[in-house]
Structures are given as C-alpha cells and as structure tokens.
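Scroll down for the structure; my scribbles are underneath it.
Any read-out appearing in this document is the output of simple, stated calculations on the displayed coordinates, not a laboratory observation. In this text, all values refer to a predicted model and were calculated from it rather than measured experimentally. Methodologically, a virtual Cβ is constructed for each residue, glycine included, from the backbone with ideal geometry; neighbour enumeration extends over all protein chains shown.
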Amino acid sequence: MSRSLEPLKLFLTLLVIWLLLNGSVALGTLAVGVVVAGAIAVLFRESLSVLSGHKFTAEALVASLLYVGYFLKELVKANLQMAAIVLSPRLPVEPAIVATRVRLTHPVARLLLANSITLTPGTLSVEMKGDTLYVHWVVAKGTDVETATREIVAGFERYLEKMYD
Amino acid sequence: MAVLEFIGSLVLLAGALFLFLGGLGLYRMPDTYNRIQAGTKATTLGTLLLLLGAALMVPGWAVKLLLIMLFLMYTNPLSSQVLARAAHRAGVPLTAKTKHDALAQDAGDLT
C-alpha cells in the first residue's frame, strides 16, 4: 500500500470512530466529522494510526480476522492459566526475562505484537531494542532466544506478517 | 429481553470474578513484574466482560461499549509495559525465584 494513502486511512479511522460514538449518520454529525477528521488527517499526516502500514489485500484481511480470533482465544487462556497459578497454594511461578527476535519492521505491527504478548499466557513485554524484544515470562519454558521466540512471538507474528508491510 | 438480561448478569459475574482473581494475584505474586502480569490480564478480560455484560443488558449502548473495549485493549497492555520497563530501569529487584534476566545481561548495550 503506497504512502500517499496513509492520511486517507487516518481520516477514515477517525470518521468511523466519530460516527460510532455519535451513533447516528445525520447530516450535521457527518459534516462535523468530515471537517474535523479531515483537518486532523491533513495536520498529522505523518503520524501513525491503527491501520498505518496495513496492506488491505484479501490475504491481509483474512489474516486480520484470524488474528482477532487467535488473540481472544489466547486472552481467555491467559486468564485461566493466571487464575490457576494465583489459586494454587504453592504459587508455581518460574519467572525469567527472556530475549526474543522480532522479524516485523513496521511500528504499528510491533505495537500490536508487544500488546498481544502482554495480554497472552504468562508473558509481559518489557523493553524493545532493535529487533530484540525483552519479555517477562511467569512460567519460563526455556531461557534461550530460539525457544522464547518460538513460544511467545511466532504465534502472533504469523498473522501480523501478512497484515502489515 | 429477560433472557438477554440473565445472560448479561452471568457475564457481569464472570467479569467480577476475573477482577477478583486479579486482585488476589496482586496480593500473592512475589515481585513487581509478576504482579503486573496478574493485574494486566485479569483486569483486561474482567473489564471486557463487565462491558460485554452491560452491552447485553442495555443493547442500545453496545456500539459505545464496543469502542471502550477497543480503547481498553490498546491502552491497558501499553501502560503495563511502560510500568514494567520503568521498574526494570529503576532497578526494582526480581524475585529470587527468577531463573534468568536477559535484559540485565544486555543492559550494557542499552543506552
């Protein structure tokens, strides 16, 4: 997707949020939304929005849907696992901070990856430097980079790679 | 109508349960980082379920509640990550059970 379409994506994102907040598409509401979203999109055309870098191909849209499904599944799993740990009298934690390698380059894709990792079973993004993402792991299955990357990053990266440039 | 309200109540209850577990996690976990872990996951899912329950009980609010859910999913993990990073930079100790700290080993490279 070419760079020139980025402001349009920002405009549409803002407009849709505005319309959802208002819950109506009356002419006045729509006009205000178009003017304000347009002004923001022009003034902040260099800034990123959620869809910046999204490819908008059929493959990317399918990957987005699969990603949301996978994310929700992981979120529920994360909570059940956390509940099991917290309720266990022994408190079976084996924490470690591990380094993982990230192949994604687009900042929005990386944001989504780091956020997803924080919300999924036992992992918390701590720091990112270059291509290395440091993750705190409540029950570490291994401390080397390969194991950590496979266990933590790969599941989400599979989808995000297809979604973003 | 009554059915939706009943299901909504159950979802609200489930949300409250996860929030309680999150609170328990804050109390039981051994160090800052593990507490953040317990807190983030439970409050995110717990609050999402509360909002979902409210949406089921008052369908007219559903769209706005959905927007709140989206904002929450973007911002909640972000603040946890910033807290964890700040804690590590400030030298907050990890629990003695910690097996490995790749970030401290590489800290020399980080400026």
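Residue pairs exceeding 31 angstrom between C-alpha atoms, taken from A:Lys9/A:Lys141; A:Lys129/B:Lys99; A:Lys77/B:Lys64; A:Lys129/B:Lys64; A:Lys9/A:Lys77: A:Lys9/A:Lys141; A:Lys129/B:Lys64; A:Lys9/A:Lys77. Applied to segment B:38-48, the Karplus parametrisation 6.51 cos²θ - 1.76 cosθ + 1.60 on θ = phi - 60° returns per-residue 3J(HN,Hα) values of 4, x, 4, 5, 5, 5, 5, 5, x, 5, 4 Hz, with x for Gly and Pro. By the rule of a C-alpha distance below 18 Å, with chain neighbours fewer than 8 residues away ignored, the lysines paired with A:Lys73 are B:Lys41.
Placing dummy labels 7 Å off each Cα toward the beta-carbon, the span from A:Val139 to B:Val92 is 2.4 nm. Helix screen, chain A: DSSP H segments with Cα axial length of 20 Å or more and mean Kyte-Doolittle hydropathy at least 0.0 are A:6-22, A:27-43, A:58-87.
What shape does segment A:3-43 take by its C-alpha gyration tensor, where a ≥ b ≥ c are the square roots of the eigenvalues and a/c under 1.5 counts as rounded, a/b above b/c as prolate, and the rest as oblate? Note, shape of segment A:3-43 comes out prolate. Using a/c under 1.5 as the rounded threshold, could you call the protein assembly as shown rounded, prolate or oblate? The axes a ≥ b ≥ c are square roots of the C-alpha gyration tensor eigenvalues, and prolate needs a/b larger than b/c, oblate otherwise. Oblate, since a/c reaches 1.5 and b/c is not below a/b. Extension gain, A:Leu80 to A:Trp18: 0.36 nm times the residue separation minus the Cα-Cα distance gives 18.8 nm.
The sum of -39500 (n - 2.57) across all DSSP H runs of n ≥ 4, divided by the residue count of chain A, sets its helix-only mean residue ellipticity at 222 nm to -18000 deg cm²/dmol. Modelled spin-label separation between A:Val68 and B:Ser79, with each label point placed 7 Å from Cα along the Cα-to-Cβ direction: 2.5 nm. How many angstrom separate the Cα center of segment B:1-59 from the Cα center of segment A:49-122? The two parts, judged by their Cα centres, are 18 Å apart. Projected label points at A:Ala58 and A:Arg103, each 7 Å from Cα along the beta carbon direction, are separated by 2.4 nanometres.
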